[in-house]
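Here's the structure we're looking at; comments come further down.
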Amino acid sequence: MRTQVLIIGGGPSGLLLSQLLDKKGIDTLVLERKTRDYVLSRIRAGILEQGFVQLMREAGVSSRMDKECFVHDGTVIASGEEQFRIDFTEHTGTPVVVYGQTELTRDLYDAREAAGGKIIFEVEGVEIHDARTDKPYVTFSKDGVEQRIDADYIAGCDGFHGVSRQSIPLDVRREYEKIYPFGWLGILSETPPVHHELIYSASERGFSLCSMRNDNLSRYYIQCSLSDSPSDWSDQLFWDELKRRMPSAYADKLVTGPSIEKSIAPLRSFVTEPMRWGRLFLCGDAAHIVPPTGAKGLNTAASDIHYLYHGLVDAILEGDNEGLDRYSEKALARIWKAERFSWWMTSLLHRFPDQNDFDLKMQGAELTFLQSNREAQSAMAQNYVGLPY
Ligand code: RFL
Ligand code: PHB
């Protein structure tokens, strides 16, 4: 079998790339380790930058999103009982959009299926060969049968634990990592959101976030210990702790209910360089991870896809390789800015186990500065809605 662009990983990055290339008449094939239902059961990101929304429109998969998404013009930042609002639209002219990763992934799968897109699920043992040559290929097994696919280009969209990044030799690859000494415990509940915008809260007991998916589906997070497991947290314990970490004006009107999902995600910052090795290109979580505090995970995946999509179209349809040659450099320039923002927001709002009184004063001063300074709010808003591609 052969294809023009072989895509490893059927998460949002891989599917979006496949859908965009298909629109240009470029043949793709997606290899996914899990089933479609498994991929769609993962509750992850919820906030989309305009750049992502534009790409979904360009890919012709935005009709449900355009109808069902919620437009957010700002967000609330709280510290103890204090709170202030950052107005994204006032500072940047651009809002963000609330539309769950689960929903957009479902839209992408439906679009790929409707277009007869080739996706092979439940593949095992994927290996990349000859990525440094003009004739790369991938081997894998499906239902115990070994298969080989030849391709012109390979897109590694297989997430943090995928094989693509690992296929780049260690003497070429440089990795940068920061592990945070806490995680986020998140729940999803069929209850109305406590507020019409997100609330990021710093408190003496740790960080919390009130988010949402729609009018009757709320997503809440609290900072937790890395040694906690979701089973340590009954719904009642979670709600009680969440209320203690938000201003009482919100806590008093929080509607609670049974959780329909509960999970813990450790927080990590990670970047691998370069993002290209021969004809292999890394995209999304395969190349970089941010802590979720700035809602940048999925959005940085989208900017990679934007650069790679244009690079591949120019190379395949016009014979112009400049976009591909500069892919790693362009993608990384934007990634590092998103890494900085996510690290900054994480540092600003969480309690760290080794913080002394001086560190706490610094955090407090940074928050007061943000609350009182227009330029600081503008910088925060520009980063949150997404820097230009
Ligand atoms: P994904 O979504 O991980 O998809 C990769 C796909 O590749 C498959 N795969 C393989 N397929 C074939 N062969 C192999 N060897 C393979 N190895 C892996 C996997 O099964 C999977 O289907 O990466 P992608 O597409 O780059 O998308 C990135 C986003 O998913 C990610 O950035 C965000 O979800 C990050 N993230 C969050 N981002 C936000 O902006 N806001 C959030 O609230 C948020 N919450 C989260 C998150 C990530 C989490 N993870 C990774 C633990 C919560 C969690 C729990
Ligand atoms: C979410 O809704 O899951 C969400 C929103 C904003 C974040 C992180 C997660 O910063």
More than 15 angstrom apart: percent of Cα pairs within region 40-138: 74 percent
Share antiparallel - DSSP beta bridges, region 1-144, percent rounded to 5: 70 percent
Among Arg245, Arg173, Arg132: highest mean-square fluctuation, GNM of the chain, C-alpha pairs under 10 Å: Arg132
Angle between the chain longest axis and helix 357-372 axis [Cα atoms, degrees, rounded to 10]: 80 degrees
Lysines whose Cα lies under 27 Å from that of Lys67, excluding same-chain neighbours fewer than 8 positions away: Lys23, Lys24, Lys296
Cα-Cα separations in region 280-389 greater than 26 Å, expressed as whole percent: 34 percent
With eigenvalues of the C-alpha gyration tensor scaled by 5 and rooted, region 234-280, Å: 40, 14, 10
Calculated from backbone phi, Karplus (6.51, -1.76, 1.60) coupling profile of region 55-61 in Hz, x at Gly/Pro: 5, 5, 5, 4, 7, x, 10
The chain - Rg over Rh from alpha carbon coordinates, Kirkwood radius: 0.98
Degrees separating the helix 297-313 axis from the principal Cα axis of the chain, which is the longest one: 30 degrees
Rounded to the nearest 20 debye, dipole of the chain from Cβ charges on Lys, Arg, Asp, Glu: 60 debye
Anchor Lys178: aspartates and glutamates whose Cα lies under 12 Å away (excluding residues fewer than 8 positions away in-chain): Glu339
Residue order for Val172, Val39 - accessible surface, 1.4 angstrom probe, largest first: Val172, Val39
Helix-only [θ]222 nm of the chain, DSSP H runs n ≥ 4, -39500 (n - 2.57) each, per residue, nearest 500: -10500 deg cm²/dmol
Convex hull (Cα only) mean projected area of region 145-267, reported in nm² to one decimal: 12.3 nm²
Check: region 1-48 dipole with +1 on Lys, Arg Cβ and -1 on Asp, Glu Cβ, in debye: 100 debye
Residue among Thr75, Gly156, Gly144 farthest towards the positive dipole end of region 41-187, charges placed on Cβ: Gly144
Debye log10 I(q)/I(0) for region 202-258, one point scatterer per Cα, at q = 0.13, 0.23, 0.29 Å⁻¹: -0.33, -1.03, -1.42
Whole-Hz ³J(HN,Hα) from phi, Karplus 6.51 cos²θ - 1.76 cosθ + 1.60, for region 278-292, glycine and proline x: x, 9, 9, 10, 8, 9, x, 4, 5, 10, 7, 10, 10, x, x
Cα radius of gyration and Dmax for region 108-160 (Å): 12.7, 34
Farthest positive-ward along region 291-331 dipole, Cα basis, beta-carbon charges - from Thr300, Ala331, Gly319: Thr300
Span from the region 278-353 Cα centroid across to the region 372-389 one, whole angstrom: 19 Å
Reachable aspartates and glutamates from Lys118, criterion Cα separation under 14 angstrom, eight or more residues apart if same chain: Asp22, Asp27, Glu32, Asp110
GNM flexibility winner over the chain from Gly323, Gly257, Gly116 (Cα, springs under 10 Å): Gly116
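Calculate how many DSSP beta bridges within the chain are antiparallel, expressed in % of all such bridges and rounded to the nearest 5.
So the antiparallel bridges in the chain amount to around 75 percent.
The values are calculated or read from the model by the stated rules, or taken from the named source; none is laboratory data. Keep in mind that what you see is a predicted model, and the values were worked out from it rather than measured. No Cβ is skipped: glycine too gets one built from the backbone with ideal geometry, and neighbour counts run over all protein chains shown. Accessible surface is based on the protein model in full, side chains and every heavy atom, while ligands, DNA and RNA are left aside. Shrake-Rupley method; radii C 1.70, N 1.55, O 1.52, S 1.80 Å.
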